[in-house]
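For reference, the structure discussed in these notes is given below.
The values are calculated or read from the model by the stated rules, or taken from the named source; none is laboratory data. The model shown is predicted, which means the values in this text are computed figures rather than measured ones. Every residue, glycine as well, gets a Cβ built from its backbone with ideal geometry; the counts of neighbours run over all protein chains shown.
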Amino acid sequence: MAYKYEFQFVNHGLTKEHQTSVNNEIWLDVGSSVELGVFDHHDTNNKYKSTVDLLFRELDLLEKTSVFLDKTQPVRVIVHKNPDTDALFSIFLVQCFLDRGREAFEKRFLETKLGEIVRNYVNDIDGGKNKCISHLTLYNLICNIDLSEVREQFGSLEGFALYNKEVEIAVSWIKKAVNLVEERMNTSEPFDLYKMTFPYDKEDVVAEAIEKVTTGYQESYNRDKIENKLVFEDISIWTKDGEIETVKAAIWNTIPSCQSTGYIYAREEGAVLTFVPHNESINGARISINPDIEGAIDKYSLRELAEMYEQLEQIKDKELFEKEGRLRRDYSCPRGNGNSGIFLMKPFSLTRDPWYVSSNGDMVDAPGGGTLISYNEQIEILENITKMVKKSFLVKYDLKPIGESLYSSVDRVSDGAESLLKWTSKLRNILNDKKDNTYPLVIAEVDAALISHNNYILDAYFMGLSDGGYLDADDKNVLRLDYRTHLYVNQSHAVLFIATSSETSNAVQMDGMLDWTDTKSVKVSCIVGLFDKILYQRERLKEIGRFLREFEKNEREVSNKNSELIKLLAKAQADECIDSQIEIDTYKFVYEVLNVSSLRENVRETTALVSEHTKERVYNNLNLISVYAIPFILLSTLFQIGLIEFKPIFSIGEDYIYNLIAWIVFLLITIVVTFVIRRGKK
């Protein structure tokens with residue numbers, strides 16, 4: 001009894017939850033893991049070049065999966081939407097394995113060159129290599145089956161019925177192409193999967209429609225250039241070694257006339273990088289490195305770009321939520337199921353539908369549900385992605401109050417252009433390794449070129465420092481002095497980002513923030529001085545507060561501490577006498593974020609309570625002393641008026657015992673009795 005198959009389509013990069021059975025389904029090229037019932041080469045640290053490569057190397061796992069499949073029910077094959085060459089070939093191979101058995105599969109594909117030919121073809125195409133579109137090749141058929149002009153051939157089919165039909169037709173093409181390779185494998189004219197024209201049947205109206213549509217692609221591509229829909233320009237991108245290099249880029253500023261194949265023509269013209277908008281989703285675009293240029297994929301990385309896009313996407317999602325009360329994407333189900341890899345890293349792991357970036361960083365694609373970032377914004381970020389951190393410094397404050405200043409030292413974190421990913425990673429390590437008794441303030445100068453195109457960029461920087469999640473970078477902790485100057489403050493550290501250029505007035509403001517000419521000098525630094533004053537207040541208040549918690553053991557010093565508090569509050573009032581509005585705003589913001597106001601009020605209230613309690617104890621002690629003093633006062637009075645004399649009562653040898661002894665004994669008895677009574681009342 002043969003298997004029956006039905007197909008289900010999910011978003012790219014969807015993570016399959018771990019389970020011990022397969023529920024009569026098999027996941028191919030999606031699922032983000034390699035386990036029972038799930039075969040996805042993504043997020044496997046480049047162990048497999050494609051899902052087809054994975055299947056050939058994991059036949060034992062495929063056989064274990066087959067045990068759980070019920071032939072009496074349709075087997076659900078789950079692939080990503082708009083399945084590509086890798087997904088479709090994976091479906092073909094799994095069907096060959098299940099329908100014919102492992103022994104027949106190995107005999108056909110592993111004991112001959114057929115398996116190697118198929119594997120190499122899919123690995124190359126999935127890696128973007130050797131794509132031929134000048135005529136009707138197998139690749140040309142597969143990548144154009146979903147064109148609107150072609151879908152007219154499917155009649156009234158819609159939704160999943162249409163997608164299922166497309167997969168059935170595409171797999172039938174693959175089956176026919178593989179049969180041709182197998183037939184001619186040992187002949188003088190082998191069938192070349194890459195370049196040879198696919199011989200479709202006369203009744204294959206879908207293949208015929210694709211051939212007609214794609215005939216004019218070269219003309220459409222040339223027309224895009226003439227109409228300036230496509231421009232070639234030199235842009236700077238990061239290398240994987242953290243260097244900056246200029247490369248030739250082909251950038252479409254609108255949807256290409258030949259969407260599915262135009263980038264291939266651009267690659268033939270030497271474009272190292274292509275930016276191609278697509279209409280599969282709102283404002284979607286795919287950015288990729290040309291794999292046909294030797295060494296390009298190994299050298300360049302678009303990870304920085306993908307992270308910036310995803311951070312901005314989260315910022316715009318939150319902005320939409322504030323306006324409309326809804327989040328466009330689901331953040332309650334983050335990606336990742338325990339496997340290592342990029343999908344467990346923020347910001348990509350925070351939602352099931354993030355911006356996609358390949359594991360080796362050569363391709364970036366918009367979320368399946370679309371993006372809120374416009375084409376123009378995407379292009380501006382791409383063109384300016386290397387204009388990041390120019391230089392940065394770490395100001396350290398020693399939280400052990402010595403004198404009236406906590407400022408300790410200034411160290412360079414970076415000097416010169418540096419990748420934001422590299423910079424934030426280095427800075428996070430510095431902040432995580434800081435001593436408990438220090439407070440670091442990072443002052444970073446960034447290039448204004450990128451900031452001028454998008455006001456959210458600095459917020460994205462803070463996301464990187466807070467481990468890449470926008471919800472972690474709370475708005476309450478960010479002061480936006482203007483769109484070029486943002487300050488992030490929390491209880492453990494602070495970061496100031498200032499975007500500068502020679503044309504912006506805040507270059508002068510930056511010089512006021514820190515004297516760049518001498519990294520050991522902060523004499524002209526207003527922001528460093530403000531933090532010094534506020535942190536000093538906070539630490540002294542905390543010190544007084546710690547003392548007050550043990551005031552019963554230190555009653556005599558309460559008055560001194562109260563005097564210290566009065567002097568500290570007076571100094572705080574003097575510190576608040578600021579003229580500059582920027583400094584006033586900064587002072588109030590930092591004061592509140594560090595909770596100095598509430599700390600000050602708590603200490604004040606505690607001091608007042610302690611003072612009252614101390615007074616009561618003094619009064620009580622005075623009352624007790626007066627009781628003790630009564631016998632002495634009476635004795636002294638009687639002695640002065642002459643009513644009593646201290647005369648010997650009796651003698652012991654040569655010593656005399658005076659009647660004063662009797663009075664002393666009486667006094668001691670009074671004291672003891674009074675003390676016992678007071679203790680009993682307590």
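Cβ separations smaller than 9 Å between residues 6+ apart or across chains give the following pairs from region 243-262 residues that are closer than 22 Å to residue 145 by Cβ and without any contact (Cβ under 8 Å) to a residue 60 or more places away in the chain to residues that are assigned to a loop (DSSP other than H, G, I, E, B) and among the aliphatic types (A, V, I, L, M): 258/133; 259/147. Listed by first and then second residue, the pairs linking a residue in region 87-102 that is surrounded by fewer than 16 Cβ atoms within 10 Å (Cβ to Cβ) to a residue that is among the aliphatic types (A, V, I, L, M), with Cβ atoms under 9 Å apart and 6 or more places separating them unless they lie on different chains, are 99/2; 102/59; 102/62. Taking the criterion of being modelled with pLDDT of 75 or more, hydrophobic (A, V, I, L, M, F, W, C) and either under 12 Å from the mean Cα position of the chain (by Cα) or in a loop (DSSP other than H, G, I, E, B) (or both), the residues of region 335-357 that qualify are 348, 350, 355. Taking the conditions (1) charged (D, E, K, R); (2) modelled with pLDDT of 90 or more; (3) in contact with a strand residue (DSSP E or B) (Cβ under 8 Å, 6 or more places away or on another chain); (4) surrounded by fewer than 19 Cβ atoms within 10 Å (Cβ to Cβ) in turn, residue 40 satisfies each one other than (4). Per the listing 534, 578, 584, the residue uniquely in a loop (DSSP other than H, G, I, E, B), over 29 Å from the mean Cα position of the chain (by Cα), assigned by TED's automatic domain parsing to the domain that holds residue 451 and at pLDDT 80 or above is 578. Taking the criterion of being crowded, with 17+ Cβ neighbours inside 10 Å, of a type outside the set (Asp, Glu) and either assigned to a strand (DSSP E or B) or modelled with pLDDT of 75 or more (or both), the residues of region 422-455 that qualify are 423, 424, 427, 439, 440, 441, 442, 443, 444, 446, 448. Among the conditions (1) touching a helix residue (DSSP H, G or I) at 6+ places or on another chain (Cβ under 8 Å); (2) aliphatic (A, V, I, L, M); (3) surrounded by 21 or more Cβ atoms within 10 Å (Cβ to Cβ); (4) at pLDDT 85 or above, the only one that residue 389 does not satisfy is (4).
The set of residues in region 10-34 that are modelled with pLDDT of 90 or more, outside any loop (DSSP other than H, G, I, E, B) and touching a helix residue (DSSP H, G or I) at 6+ places or on another chain (Cβ under 8 Å) comprises 26, 28. The residues of region 178-225 that are exposed (fewer than 14 other Cβ atoms within 10 Å of the Cβ), under 14 Å from residue 258 (Cα atoms) and under 46 Å from the mean Cα position of the chain (by Cα), listed by number, are 215, 216, 219. Hand me the list of helices (runs of 4 or more DSSP H) wholly inside region 204-283 holding 3 or more residues that are in contact with a strand residue (DSSP E or B) (Cβ under 9 Å, 6 or more places away or on another chain). So the answer is 217-226, 262-268. Check whether at least one residue in region 127-137 is basic (Lys, Arg), surrounded by 18 or more Cβ atoms within 10 Å (Cβ to Cβ) and modelled with pLDDT of 90 or more, and report yes or no. No, every residue in region 127-137 fails to be basic (Lys, Arg), surrounded by 18 or more Cβ atoms within 10 Å (Cβ to Cβ) and modelled with pLDDT of 90 or more.
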